[in-house]
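Here the structure is laid out as structure tokens; the discussion comes afterwards.
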Amino acid sequence: MNIVLLGPPGAGKGTQAKVLARQVKLPHVSTGDLLRANVAEGTDLGRQAKDFMVKGLLVPDTLIQEMLRTRLGRDDVGQGFILDGYPRTLRQAQALDDIMSQFETQIDFVFNLKASEAVIIQRLSGRLVCSSCQANFHRTNMPPKAADVCDACGGELYQRSDDKEETIRKRLQVYAQESAPVIEYYRCKGALHEISADDDAHGVLTKILALIGSHHGSLKV
Ligand code: AMP
């Protein structure tokens, strides 16, 4: 089962993808996480991608495509994946279809998580990420037990450099420009499910699981 999560930054794609991945036992593939790992390791790809990421701009397709193809070709993806952060443009949606054809599979579900701008800014400007296991926390909505320390692994929490309010607005602008055709693309294919993501994370997950369950038998949170 191959699942794509669409939605603006801050809609909760990463949070949902992580929980959903555990629930349906499929790997969570995040192009943002893959890129940040490349930046942290100082690879060629990371060096080229970094400037775009810091400014809240999309990294060019030429850099991302091979990274994703390689990731989706790994053994752990045999039963499917939860893809978060890709596709962000129509060209990427078409490139993903090419990768799916190459692996003789298809996208089964596309969930479009919709959130209002006020909720997005509140979520992202307070978000804290674990530098070790990438778990997400929030200064007020979901604070860690000890300041700046990950509850799960004890790693140090940090604020992403692109989670500053000015960069968040740029990312939302880029999303608004690029995403509409992607949503239409999947609507036309009949794979799109729209979900309000202003609710708390558990409520959103329940809706996603209900939709998957209605096609694949019952799944409970
Ligand atoms: P995310 O963690 O999904 O918010 O992504 C963080 C940043 O990584 C984005 O603002 C982009 O600079 C870059 N990025 C992630 N996924 C993509 C993608 N599919 N296409 C282009 N850039 C991406």
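In the set (1) part of a helix (DSSP H, G or I); (2) small (Gly, Ala, Ser); (3) more than 15 Å from the chain's Cα centre (by Cα), Gly154 fails one condition alone, (1).
Ile120 satisfies every condition listed in (1) within 16 Å of the ligand (Cβ to nearest atom); (2) within 18 Å of the chain's Cα centre (by Cα); (3) surrounded by fewer than 17 Cβ atoms within 10 Å (Cβ to Cβ) except (3). Considering (1) in contact (Cβ under 8 Å) with a residue 40 or more places away in the chain; (2) closer than 24 Å to Lys164 by Cβ, the lone condition that Ile82 does not fulfil carries the number (2).
All of Ser161, Ser132 fail the test of being hydroxyl-bearing (Ser, Thr, Tyr), away from the ligand (no atom under 16 Å from the Cβ), within 21 Å of the chain's Cα centre (by Cα) and surrounded by fewer than 17 Cβ atoms within 10 Å (Cβ to Cβ), apart from Ser132. In summary, Ala37 fulfils each of the numbered conditions (1) buried (at least 17 other Cβ atoms within 10 Å of the Cβ); (2) without any contact (Cβ under 8 Å) to a residue 60 or more places away in the chain with the single exception of condition (1). Total residues in the stretch 26-48 satisfying the condition of being more than 17 Å from the chain's Cα centre (by Cα) and either farther than 23 Å from Arg169 by Cβ or within 7 Å of the ligand (Cβ to nearest atom) (or both): the figure is 9. Counting only residues that are within 18 Å of Gly10 (Cβ to Cβ), touching a Pro at 6+ places or on another chain (Cβ under 7 Å) and at pLDDT 95 or above, the stretch 129-165 holds 1 of them. Taking the stretch 49-74 as the search range and keeping residues that are acidic (Asp, Glu) and within 27 Å of Met1 (Cβ to Cβ), which one is nearest to the ligand (Cβ to nearest atom)? Among them, the one singled out is Asp61. Evaluated against (1) more than 12 Å from the ligand (Cβ to nearest atom); (2) polar (S, T, N, Q); (3) closer than 17 Å to Arg171 by Cα, Gln23 falls short on exactly one condition, (3). Would you check if there is a residue in the stretch 190-198 being on the phi > 0 side of the Ramachandran plot, at pLDDT below 95 and part of a loop (DSSP other than H, G, I, E, B)? Yes, the stretch 190-198 contains a residue that is on the phi > 0 side of the Ramachandran plot, at pLDDT below 95 and part of a loop (DSSP other than H, G, I, E, B).
Here Asp98 clears all of (1) more than 18 Å from Ala191 (Cβ to Cβ); (2) charged (D, E, K, R); (3) without any contact (Cβ under 8 Å) to a residue 24 or more places away in the chain except the condition numbered (1). Within the stretch 18-34, does at least one residue satisfy the condition of being of a type in the set (S, T, N, Q) and over 18 Å from His193 (Cβ atoms)? There is at least one residue in the stretch 18-34 that is of a type in the set (S, T, N, Q) and over 18 Å from His193 (Cβ atoms).
The values are calculated or read from the model by the stated rules, or taken from the named source; none is laboratory data. Worth saying up front: this structure is predicted, and the values here are computed from it rather than measured. All Cβ positions, even for glycine, are placed from backbone atoms using ideal geometry, and neighbour counts span all protein chains on display.
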